[in-house]
Amino acid sequence: PARQFDTRTTEPISFFLSSLEDLLAWQPNSNDDFNVSAVPLAKRQPPLHSKRPRTLVCHDMRGGYLEDRFIQGSATRNPYVFYHWRYVDIFVYFSHHTVTIPPVCWTNAAHRNGVPVLGTFITEWTDGEKLCEAFLAGGEEAYHAVSKQLARIAQQYRFDGWLVNIENTLSAAAVRNLPHFLRHLTVQVHSAVPGGLVIWYDSVLQNGTLRWQNELNEENRVFFDACDGLFTNYNWKEEHLERTRRLAGPRHTDVYVGIDVFARGDVIGGGFDTDKSLHLIRQHSLSAAIFAPGWVYEHLGEENFLHNENKFWGLLAKYLHMHSICTLPLTTSFSLGMGTSRFLAGKEEEASPWYDLSAQEIQPLYLEHEGRLSISCCLQDAWYGGSSLRVQGTIPPNEERVAIRLFSLQMPAPPKLFLTLVYKLEGPHLNKFAVALELSTCDSGTCHEGNDTSLPEPNGRHQPRFLPTPPPGLAKLLTACNHSSYGWTSQCYELDLQDCTLRELSLLVSLHQRSLQEMPFTCLLGEVRVLDAASMVASPPQVQSLTASQLWWQ
């Protein structure tokens with residue numbers, strides 16, 4: 001069927017629904033299997049519903065369903081990718097189709113990094129008025145049918161809920177039923193999708209008029225009260241934020257104040273001035289909805305996209321709240337889900353462009369420190385996939401080492417950890433540097449390394465012991481201990497901890513001998529793994545009843 005398969009190539013594609021009839025007629029079927037997300041939503045700390053202000057990203061690019069619609073990837077050169085997941089709490093895929101089902105590659109990438117994904121249910125213009133009249137102006141059966149279908153679609157494709165955007169005027173009968181529809185949809189989504197969300201866009205008022213308010217007020221509060229949150233329009237001033245904060249009361253973090261990165265209309269700041277808007281929003285302890293951050297790609301072009309993207313998010317970083325990884329194993333080769341080549345164990349297997357966000361791996365923190373340190377993506381060389389992580393910096397004069405934070409963690413440490421690191425040093429002074437991993441733990445009087453007689457680490461920083469060979473029974477999993485391949489060095493480590501909470505995983509770059517000059521370094525990271533020793537020894541469950549379908553031989 002043309003909805004699920006590209007008519008030109010027969011490849012499976014992600015799709016949308018264009019009408020109320022399509023939505024009500026929708027039924028899951030076997031042609032949909034490619035569209036079901038294969039990655040469960042990773043746990044995170046703090047949980048989404050903690051009371052700190054959140055950050056929502058609303059992705060709207062050229063009508064949507066571009067190269068990202070190809071479920072098994074495409075040969076796209078310089079595609080748009082998003083990878084600053086650590087700073088983002090909710091991801092919305094937006095288009096102007098009535099029912100925007102997020103392309104499954106976005107759900108996979110976001111879930112792997114602990115971020116829930118919402119689709120969009122939108123009505124607009126005169127067609128939207130007719131559509132709303134058809135399902136809202138009558139009895140509850142009609143709008144119950146719509147909300148049940150939307151919840152079933154989210155459940156079937158394993159994304160996490162809906163942004164609802166009614167951008168047309170409503171009759172008195174339709175607007176009377178709108179809060180009931182929203183409440184019913186929210187209940188349905190909560191029951192069908194664990195942790196599901198329904199967010200309302202600031203558009204139509206309680207009297208049915210279409211007039212954007214740029215705030216939460218008595219004209220739109222009835223819709224906010226019926227669902228999980230409000231996404232405001234973009235043309236607000238500080239007095240709007242003050243009134244919103246007062247009216248929202250204890251639910252102030254459920255108001256997502258809109259920021260249009262394209263800075264259309266009368267706005268505080270967009271583009272590289274987006275931080276001005278975000279600064280004001282955070283002063284009032286409200287959540288933020290960053291609309292169309294693809295501006296970096298669309299407006300500034302593809303050429304320097306990765307550099308510009310890091311600059312854009314770097315400017316916002318101080319107003320964004322990170323979420324931490326809270327489960328093991330943690331394993332990543334830093335792939336962005338795109339590349340100019342494909343690498344396997346350090347060897348270039350294929351030199352051609354590719355794009356597949358489902359293959360994006362867990363992403364680290366991309367940090368910059370006053371020109372002394374930067375973390376970026378390297379497409380020219382990789383251990384596995386299409387990219388590695390380039391860590392560049394300097395060790396100041398008379399200093400011995402520098403620690404670069406890669407991941408924020410928040411979990412109890414298991415008694416024994418194995419860690420692996422694959423890296424490659426670049427530049428003229430390779431032999432002057434040593435590279436290792438460092439784990440830091442939260443301050444607590446009880447936490448210590450090794451056995452009961454060990455003293456607690458004074459600063460909670462632990463350098464795991466180097467393992468020249470893997471322990472018996474784990475040789476297969478830790479094949480690459482103390483091994484070099486295509487210029488990459490692989491190392492394994494172990495660490496015993498008692499009563500500790502893991503806080504950070506860092507890369508430690510140190511000098512064999514201190515220098516009177518500052519020493520610049522460049523290190524590529526190919527892979528990092530942090531493994532709970534106990535769970536590695538357990539044998540994995542047997543796979544049963546494996547079937548293969550939808551095969552197309554070429």
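The values are calculated or read from the model by the stated rules, or taken from the named source; none is laboratory data. None of these values were measured; they are calculated from a predicted model. Here Cβ is always computed from backbone atoms with ideal geometry, including for glycine, and neighbour counts include all displayed protein chains. Remember, those area values only see protein heavy atoms, side chains included, never the ligands or the DNA or RNA. Shrake-Rupley method; radii C 1.70, N 1.55, O 1.52, S 1.80 Å.
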Options CYS523, CYS481, CYS492; residue that is under 24 Å from LEU425 (Cα atoms), outside any strand (DSSP E or B), touching a strand residue (DSSP E or B) at 6+ places or on another chain (Cβ under 9 Å) and assigned by the TED database to the domain that holds GLY427: CYS481
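From the set of residues in region 20-42 that are open to solvent by 60 Å² or more (accessible area, probe 1.4 Å) and not in a helix (DSSP H, G or I), which is modelled with the lowest pLDDT?
The extreme case among them is ASN29.
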Residues of region 306-337 classified as open to solvent by 10 Å² or more (accessible area, probe 1.4 Å), of a type outside the set (Ser, Thr, Tyr) and outside any loop (DSSP other than H, G, I, E, B), total: 10
Residue selected from region 44-91 under the condition in a loop (DSSP other than H, G, I, E, B) and of a type in the set (Ser, Thr, Tyr), by the criterion nearest to ILE290 (Cα to Cα): TYR83
Pairs with Cβ under 6 Å, 6+ apart, first in region 88-101 and outside the structural domain of ASN113 (by the TED database), second polar (S, T, N, Q) and open to solvent by 10 Å² or more (accessible area, probe 1.4 Å): none
Single condition LEU178 does not satisfy, out of (1) in contact with a Phe, Trp or Tyr (Cβ under 9 Å, 6 or more places away or on another chain); (2) open to solvent by 10 Å² or more (accessible area, probe 1.4 Å); (3) more than 27 Å from TYR65 (Cα to Cα): (2)
Any hit, region 243-256, residues being touching a Phe, Trp or Tyr at 6+ places or on another chain (Cβ under 9 Å) and either assigned to a loop (DSSP other than H, G, I, E, B) or touching a residue at least 60 places away in the same chain (Cβ under 8 Å) (or both): yes
Residue list for region 390-406, restricted to those being out of contact with any Phe, Trp or Tyr (no Cβ under 9 Å at 6 or more places or on another chain), over 11 Å from CYS523 (Cβ atoms) and either open to solvent by 10 Å² or more (accessible area, probe 1.4 Å) or assigned to a loop (DSSP other than H, G, I, E, B) (or both): PRO396, PRO397, ASN398, GLU399, GLU400, ARG401, ALA403, ARG405
Of the criteria (1) on the phi > 0 side of the Ramachandran plot; (2) in contact with a Pro (Cβ under 6 Å, 6 or more places away or on another chain), which one ASN78 fails: (2)
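Within region 76-85, which residues are more than 13 Å from GLN360 (Cβ to Cβ) and either touching a Phe, Trp or Tyr at 6+ places or on another chain (Cβ under 6 Å) or open to solvent by less than 10 Å² (accessible area, probe 1.4 Å) (or both)?
If the condition is that a residue be more than 13 Å from GLN360 (Cβ to Cβ) and either touching a Phe, Trp or Tyr at 6+ places or on another chain (Cβ under 6 Å) or open to solvent by less than 10 Å² (accessible area, probe 1.4 Å) (or both), then THR76 is the only one that fits.
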Condition met for SER277 (over 19 Å from TYR93 (Cα atoms), at pLDDT 95 or above and part of a loop (DSSP other than H, G, I, E, B)): no
Tally of residues being over 26 Å from GLN188 (Cβ atoms), open to solvent by 30 Å² or more (accessible area, probe 1.4 Å) and free of Cβ contacts under 8 Å to residues at least 40 places away in the same chain across region 220-239: 3
Number of positions in region 492-505 that are under 25 Å from ALA382 (Cα atoms) and touching a Ser or Thr at 6+ places or on another chain (Cβ under 7 Å): 2
Looking only at region 407-439, and only at residues there that are surrounded by fewer than 22 Cβ atoms within 10 Å (Cβ to Cβ), among the small types (Gly, Ala, Ser) and more than 24 Å from the chain's Cα centre (by Cα), the one that is modelled with the lowest pLDDT: GLY427
Test: THR469 is modelled with pLDDT of 95 or more and in the same structural domain as PRO397 (by the TED database): no
Region 338-360, subset in contact with a helix residue (DSSP H, G or I) (Cβ under 7 Å, 6 or more places away or on another chain) and in a loop (DSSP other than H, G, I, E, B), residue surrounded by the most Cβ atoms within 10 Å (Cβ to Cβ): GLN360
Selection status of GLU215, touching a Lys or Arg at 6+ places or on another chain (Cβ under 6 Å) and at pLDDT 95 or above: yes
